[in-house]
Amino acid sequence: MKGERLLPAVLLLILVMSTASVAASVPYQLRWGIYRLDLETSQIDLIYTCDEKLSGIRLNPAGDTLVFTKRFGDGADTDEEICVVGVDGSGYSRLTCNERLDTYPAWSPDGARIAFLAMGETLDIHVMDVDGGGEALLYDSGYHDADIHWVGDAIAFTRNFQVWVMDSDGADARRVTDPPRAGEWGAAVLPFGDYDPRISPDGGRVVFERMMDDESPHGNYDLFVVNVDGTGETRLTETGWTQGMASWSHGGDRLVFVVSAVGEEGRYDLYTVSPDGADVVSLTEDLFPPGFLAYPADFAPDDSALYFIGEWWDWRLLSTELSCVAEDSRVTLGEELTVSGTLRPPVEGAEVTLRYTKPDGATLLRVALTGEDGGYVDSVTPQIKGAWQVDASWEGDPGHGQAGSAAAAFNVSEARGGIPAPPLLVMLGGLAVSVALLSHRPKPGRS
């Protein structure tokens, strides 16, 4: 969404006071990340993470590669470059490397090329091969051209704060919307106008956001849809929130968008709405921990999940705590003992090192992996009697400090009464003893 990021002081206070709850549902690593949200289970997976600013994520038609913008160097706009990474986190590659602004990538329908914005004298639309080669200027209106999206033979973009559509070869650019006060500056960070057009999967409609007023410094926007020929313009929302960057589901029946602010209150949550404006739903308001901000999302090919960029506001290393408990304090030789514990805040897949110290001073090292809830379990069968101790530790990761060691103690002894007899012999032996006792019992009346 356009405008400066907003996070009220009360939200920052909550962040500081509730670090134990951070990352309860969102994997916490470096400040920026690309995430996948399962819309059925609300499971959130981290695909890629870095310290540098990320933006403009788009999923390719095959559903296996994400293109996005990453900021390098000193963090200036001229350091923004186009990159790709697989949805499984593999295959990261930087496609552009120059001293200009490259941003807002969009896939061609066949996934073989990527259109993007490049800054020259003005912001123009360029195209390149998927490996970064074959770059060429596609369109230059003489003004700043922005916010591109490519479906079929049409590319939608903004020009003069209006929505335009052109052919995929850069020809026949035609205006689609003509908003009131387009280009007029007010008290917001952007002029009045229409922004971020996205073409529907069937190529018939375009969704975009329009700045309705400048009562908020970020601008207050609503979502609209319009036919690609400029007819049938329909308003979808009437909230006036700072919202937009909508993306269509592949089925064309839902739109996902970002609400970054409501008045002066920062949000950065993902919402969905039907193309007719019905059924507005907040997907992440109760899911994300304080201080985690979501940016524009793209649907997975089957519409079961969303890929989005997230940012940990005021990112910092979290302190961690680790527990360690032995199931029993006393066990016998050859008996299996369970050792368990929990890492807080929860970190899934963390390698907890367990150092078992035997009575003779020798050690046994084992590794247990934490689950989604941060818990781990290990089992060991002691073969030496005496006092044992197990120490658990975790070295941390880019988002969490090293956990202090936790310990548990237990004692191993031989089984009481020597080696137990087989159950049948024990039963027969007990019966024989009972018969013997009865045969020697004194008869009544005799001393």
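Quick rundown of the values:
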{"read-out": "Two-site FRET efficiency, E121 against L365, from Cβ-Cβ distance with R₀ of 60 Å, rounded to 0.05", "value": "0.45"}
{"read-out": "Amide proton proximity set for G375, modelled H, under 5 Å, gap of 5+", "value": "L343"}
{"read-out": "Filtered GluC sites (Glu not before Pro), region 235-287: DSSP coil and at most 14 other beta carbons within 10 Å", "value": "E238, E264, E285"}
{"read-out": "Most positive-pole-ward Cα, G193, M166, T177, against dipole of region 155-195 from beta carbon charges", "value": "G193"}
{"read-out": "Stretch in the chain that is longest and holds no trypsin sites (Lys or Arg not before Pro) that DSSP places in a loop and that have at most 11 other beta carbons within 10 Å", "value": "1-415"}
{"read-out": "Helix-only mean residue ellipticity at 222 nm for the chain, each DSSP H run of n ≥ 4 adding -39500 (n - 2.57), per residue, nearest 500", "value": "-2000 deg cm²/dmol"}
{"read-out": "Contact order relative to length of region 9-312, as percent, for alpha carbon pairs under 8 angstrom and 6 or more apart", "value": "14 percent"}
{"read-out": "Cβ-Cβ FRET estimate between A112 and A407, R0 fixed at 56 Å, reported to 0.05", "value": "0.45"}
{"read-out": "Least to most buried among S405, S200, S247 (fewest other Cβ within 10 Å first)", "value": "S405, S200, S247"}
{"read-out": "Footprinting exposure proxy for W150, W315, W241, W185 (fewest neighbouring C-beta atoms within 10 Å first)", "value": "W185, W315, W150, W241"}
{"read-out": "Per-residue Cβ neighbour rank within 10 angstrom, fewest leading, T158, T338, T231, T357", "value": "T231, T338, T357, T158"}
{"read-out": "Per residue convex hull volume, Cα atoms of the chain, in Å³", "value": "234 Å³"}
{"read-out": "Size of electric dipole in the chain: Cβ of Lys, Arg +1 and of Asp, Glu -1, about Cα centre, debye, nearest 20", "value": "3160 debye"}
{"read-out": "Helix axis angle, 423-439 relative to the chain longest principal axis, alpha carbon, degrees", "value": "30 degrees"}
{"read-out": "Efficiency of FRET between V280 and R100 - r from beta-carbon atoms, R0 30 angstrom, step 0.05", "value": "0.20"}
{"read-out": "Furthest towards positive pole of dipole, L322, A246, T357, structure part the chain, Cβ charges", "value": "T357"}
{"read-out": "Cα centroid separation - region 125-154 against region 295-321, whole Å", "value": "27 Å"}
{"read-out": "Spin-label pair T381/E40, simplified geometry with 7 Å Cα→Cβ offset, distance in nm", "value": "3.9 nm"}
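FYI, it's all coordinate maths here, none of it is from the lab. Everything numeric in this text was worked out from a predicted model, so none of it was measured. Note that we place each Cβ from the backbone using ideal geometry, even for glycine, and neighbour counts take in every protein chain shown.
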